[in-house]
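Asks: Dropping a structure here in structure tokens format, bear with me for questions.
Readers should treat all values here as calculations from the given coordinates under stated rules, not as data from a laboratory. Quick caveat: nothing in here was measured; it's all calculated off a predicted structure. Here the Cβ positions follow ideal geometry from the backbone for every residue, glycine too, while neighbour counts run over all protein chains shown.
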Amino acid sequence: MSNDTARNWTLERDAEGVAWLTLDKPGTSANVLSGSVLLELDGLLAGLEKEPPRALVVLSAKKSGFVAGADIREFTGIADADSGYLLIHRGQQVLNRLAALPCPSVAAIHGFALGGGLELALACRYRVAVGDERLSLGLPEVQLGIHPGFGGTVRSVQVAGVRAAMELMLTGRPVRADKALRLGLVDALTSEAELRTAARALVLQSPPPRRAPLFERLLSSAPLRPMVRRSLIAQVARRAPPDHYPAPYAIIELWARHGARGPAAYEAEARSIAHLFTTATSHNLVRVFLLQDRLKGTGGKSPLEIRHVHVVGAGVMGGDIAAWSALRGFTVTLEDRASEYIEPALRRAGELFDKRVRDPARNAAARERLRADVAGDGVPQADVVIEAIFENLEAKRELYARLEPRMKPGALLATNTSSIMLEPLADRLARPERLVGLHFFNPVAQMPLIEIVHADDTDASAVQAATAFARRLDKLPVPCRSAPGFMVNRVLTPYINEAMYAAEEGVALAAIDRTAVRFGMPMGPIELADVVGLDVGAHVGEIIARELGRPAPKLPRLAALLAAKKLGKKSGEGFYVWKDGKPVKTGGGGPAPPDLEDRLILVLVNECVACLRERVVEDADLVDAAVIFATGFAPFRGGPLTYARGRGTATVVARLEELAARHGPRFKPDAGWALLAAGQKT
């Protein structure tokens with residue numbers, strides 16, 4: 001074999017004349033198509049043009065997967081549309097060079113090929129992939145407020161057809177092995193052991209390359225494109241307003257104008273993404289991506305090896321924490337007063353395993369890892385014991401008095417409390433420094449955030465162990481100081497209360513929710529209150545108000561619903577009547593008051609500023625991250641504090657003062673605004 005080695009790529013030619021081009025970006029766990037990676041690839045392709053091999057195989061040396069996409073951090077350096085165009089155009093030229101090689105080429109994929117990684121694979125004539133459960137192929141750029149830029153808007157349609165390509169690009173959701181094969185994104189699936197052999201066989205056989213089916217090619221014809229365009233826009237408009245999320249509409253327009261054909265389609269793609277780079281939506285979504293990356297990096301290595309998890313409380317939260325822990329590979333024992341309370345949790349766990357784990361052997365293994373434990377026999381073996389019972393200080397203390405003496409030395413005691421501070425929970429423990437908060441959010445399987453709650457005297461190693469445990473659960477950990485409601489529930493409470501104040505004033509419930517959704521929230525605050533449970537929300541709100549020394553809000557309509565046991569979604573009726581898991585919202589409810597959006601959003605933002613001033617979390621980025629990943633706060637706005645900065649802190653403070661004069665002292669600007677403004681100037 002001859003060998004030509006570069007910093008990121010290794011090029012080898014074997015005795016049969018097949019060139020093996022391997023990417024292994026130094027210092028990273030996953031390959032990304034940074035500028036340096038593409039520049040080196042360009043040089044290697046120039047050599048292959050001069051001395052063409054019999055065939056080319058492109059593969060990754062990383063265990064994690066093929067290529068994760070472009071280097072997102074390079075996007076933050078784009079100053080304007082012209083510099084964005086140059087960056088993208090260079091990448092396009094490199095992949096066009098790969099596609100035009102005078103020899104057959106194949107991408108040998110394992111793990112993932114996402115964004116620019118899939119675009120790299122699509123520029124090869126063929127694609128072979130390891131067909132296991134790790135395989136993930138996708139074009140998620142829309143989640144960054146942009147679209148594919150290295151030819152992906154063109155080649156994905158040419159290979160898979162407009163419907164499949166649009167589903168990939170407009171949703172940003174990846175596809176797994178069977179669907180990738182069905183869509184034609186890969187030509188063959190194989191085992192990891194046979195990947196190189198299968199890639200070699202395919203590229204040497206060199207059959208006609210994959211093209212979209214005839215019907216799909218007809219849909220891309222000029223006469224039919226306008227009709228398909230209207231259908232696609234209608235689908236997108238139900239989920240993403242163009243003012244908030246312009247990228248999906250740009251994807252549709254690129255295809256509608258050019259039909260994924262010819263050099264003009266590539267040029268238009270580069271110009272379009274260059275413009276999107278400059279939008280506030282893209283800036284903020286890239287920021288959200290980097291915040292997520294920061295949280296993923298907070299795990300570190302724990303001094304405590306956690307293998308066995310014991311959960312006390314088999315309600316919705318406790319049962320789902322147990323199920324998720326078992327899914328992620330932990331041995332889990334689930335305790336409650338009697339089997340009848342645990343059985344529903346085990347049934348839900350089975351549904352989760354069936355949805356997430358298709359392989360029968362792995363599904364069975366997950367089920368075996370989770371078992372009912374009425375007697376609590378798992379406590380002495382557990383590395384972490386998670387308490388997930390109802391929000392009552394004395395009940396939790398009594399439980400800890402029974403648990404702590406039975407726990408093995410060094411084990412972690414964690415509470416899933418949503419509002420009670422650690423100090424009163426820990427004051428009767430023999431080792432209060434080993435108590436941490438692990439505040440999950442509902443539904444556990446979908447919500448990515450866990451608040452890692454610590455008091456001033458919590459052992460640093462306990463916090464480290466809890467944080468590492470959260471990462472092994474594939475969750476995003478945010479360290480929080482023990483404070484009333486911690487971070488997320490503290491800021492959600494005034495937001496939901498304000499919606500209820502508006503309802504008391506006679507504003508239609510649907511109009512209140514519509515106002516919040518129009519701002520960018522995933523659901524309105526009235527619907528959210530029903531989903532959480534009116535009794536749960538009221539109880540948490542009372543605890544937070546009491547601990548903060550604030551008066552409890554007077555909300556007669558809420559009190560009447562609680563008295564009538566109309567508790568929201570779980571009872572079938574709360575503020576709304578619920579049918580088939582959805583609220584019945586009859587009629588539009590008329591227009592909302594012009595200041596309602598500011599009332600809802602700025603009362604939440606003001607509370608975020610208070611949390612920052614009190615250092616409930618360490619910095620403004622963590623405030624934004626916690627609220628985005630736990631509540632779905634309008635990601636395209638970059639988080640509540642970023643939204644306030646963008647609007648101007650002085651402007652927001654003045655608006656709060658106006659609202660306070662009109663609606664009461666609950667809108668009084670927090671003293672922390674001066675600190676935020678000073679930080680902004682710095």
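Asks: Sort out for me the Cα centre separation of the range 134-180 from the range 335-368, rounded to whole Å.
Replies: The distance from the Cα centre of the range 134-180 to that of the range 335-368 comes to 33 Å.
Asks: Long-range amide H contacts for residue 190: which residues qualify at under 5 Å (H placed 1.01 Å from N, peptide plane, sequence gap of 5 or more or a different chain)?
Replies: Counting only residues 5 or more places away or on other chains, the set is 129, 130, 131.
Asks: Nearest 0.05, what FRET efficiency do residue 231 and residue 584 give at R0 = 30 Å with Cβ-Cβ as r? Walk me through the numbers on the way to the answer.
Replies: Working: r = 28 Å, r/R0 = 0.94.
Efficiency at R0 = 30 Å is approximately 0.60.
Asks: Also, I was wondering about something else. Subtracting the Cα-Cα distance from 0.36 nm times the residue separation, let me have the gained length for residue 215 to residue 460 in nm, one decimal.
Replies: On the way: separation 245, 0.36 × 245 = 88.20 nm, distance 6.13 nm.
Extra length from residue 215 to residue 460 when fully extended: 82.1 nm.
Asks: Next question, about the same structure. For the peptides 631-637, 553-559, what is the packing order when you average, over each peptide's residues, the other Cβ atoms within 10 Å and list the highest mean first?
Replies: On the way: 631-637: 21.9, 553-559: 14.3.
By packing density, highest mean first, the sequence is 631-637, 553-559.
Asks: Now, a different point. Roughly how many Å is it from the Cα centre of the range 554-594 to that of the range 647-682, as a whole number?
Replies: Cα centroid to Cα centroid, the span is 32 Å.
Asks: What is the sum of charges around residue 140, taking Lys and Arg as +1, Asp and Glu as -1, for the other residues whose C-beta is under 13 Å from the C-beta of residue 140?
Replies: Working: positive: 173; negative: 119, 141, 167.
The answer is -2.
Asks: Where the centroid of each part is defined by its Cα atoms, how far is the range 386-438 from the range 33-85 in Å?
Replies: Value for the Cα centre distance between the two parts: 51 Å.
Asks: Starting from the 7 Å offset along Cα-to-Cβ, what nm value, one decimal, do you get for the label separation of residue 205 and residue 61?
Replies: Reported label-point gap for residue 205 and residue 61 is 3.0 nm.
Asks: Give me the net charge of residue 91's neighbourhood, meaning all other residues with Cβ under 12 Å from the Cβ of residue 91; Lys, Arg count +1, Asp, Glu -1.
Replies: Details: positive: 90, 97; negative: 42, 71, 74, 119, 269.
Around residue 91, the charge tally is -3.
Asks: So in the range 400-503, what percent of DSSP beta bridges are antiparallel if you round to the nearest 5? Before the final figure, lay out the partial values.
Replies: On the way: 3 of 12 bridges.
Here the share of antiparallel DSSP bridges comes out near 25 percent.
Asks: Distance in nm between label sites at residue 86 and residue 307, each 7 Å beyond Cα in the beta-carbon direction?
Replies: In this crude spin-label approximation the distance works out to 5.7 nm.
Asks: Which value, in debye to the nearest 20, gives the size of the charge dipole of the chain about its Cα centre, when Lys and Arg are +1 and Asp and Glu are -1 at the Cβ?
Replies: Details: 85 positive and 77 negative charges, 306 e Å.
With only Lys, Arg, Asp and Glu charged at Cβ, the dipole is about 1460 debye.
Asks: Then there is this: What is the antiparallel percent of DSSP beta bridges lying wholly in the range 2-278, to the nearest 5?
Replies: Working: 10 of 31 bridges.
Looking only at bridges with both residues in the range 2-278, the antiparallel portion is about 30 percent.
Asks: Using θ = phi - 60° and the Karplus form 6.51 cos²θ - 1.76 cosθ + 1.60, what ³J(HN,Hα) does each residue of the range 364-376 get, whole Hz, x for Gly and Pro?
Replies: Computed from phi, the couplings for the range 364-376 are 5, 5, 5, 5, 5, 6, 10, 9, 5, 8, 4, 7, x Hz.
Asks: From the phi angles alone, apply the Karplus equation (6.51, -1.76, 1.60; θ = phi - 60°) to the range 224-235 and give each ³J(HN,Hα) in whole Hz, x where the residue is Gly or Pro.
Replies: These are the phi-based 3J(HN,Hα) values: 8, 4, x, 5, 5, 4, 4, 5, 5, 5, 4, 5 Hz.
Asks: Can you bin the range 2-278 into rounded, prolate or oblate? Criterion: square roots of the alpha carbon gyration tensor eigenvalues sorted a ≥ b ≥ c, rounded for a/c under 1.5, prolate for a/b above b/c, oblate for the rest.
Replies: On the way: a/c = 1.71, a/b = 1.40, b/c = 1.22.
In terms of gyration-tensor shape, prolate.
Asks: Report, in degrees rounded to the nearest 10, the 0 to 90 angle that the Cα long axis of helix 509-519 makes with the longest principal axis of the chain.
Replies: 40 degrees
Asks: Shifting gears a bit: Working from Cα positions, state the angle (0 to 90°, nearest 10) between the long axis of helix 672-681 and the longest principal axis of the chain.
Replies: Compared with the principal axis, the helix lies near 20 degrees.
Asks: Give me 124, 103 ranked fewest to most by other Cβ atoms within 10 Å of their Cβ, as a rough exposure proxy. Could the numbers behind the result be given before it?
Replies: Working: 124 26, 103 17.
In increasing order of surrounding Cβ atoms, one gets 103, 124.
Asks: Of all beta bridges DSSP finds with both residues in the range 308-484, what is the antiparallel percent, to the nearest 5? Numbers along the way, then the final one.
Replies: Numbers: 3 of 28 bridges.
About 10 percent, rounded to the nearest 5.
Asks: Measure nothing but the geometry: give the 0 to 90° angle between the long axis through the Cα atoms of 316-327 and the longest principal axis through the Cα atoms of the chain, rounded to 10°.
Replies: 30 degrees
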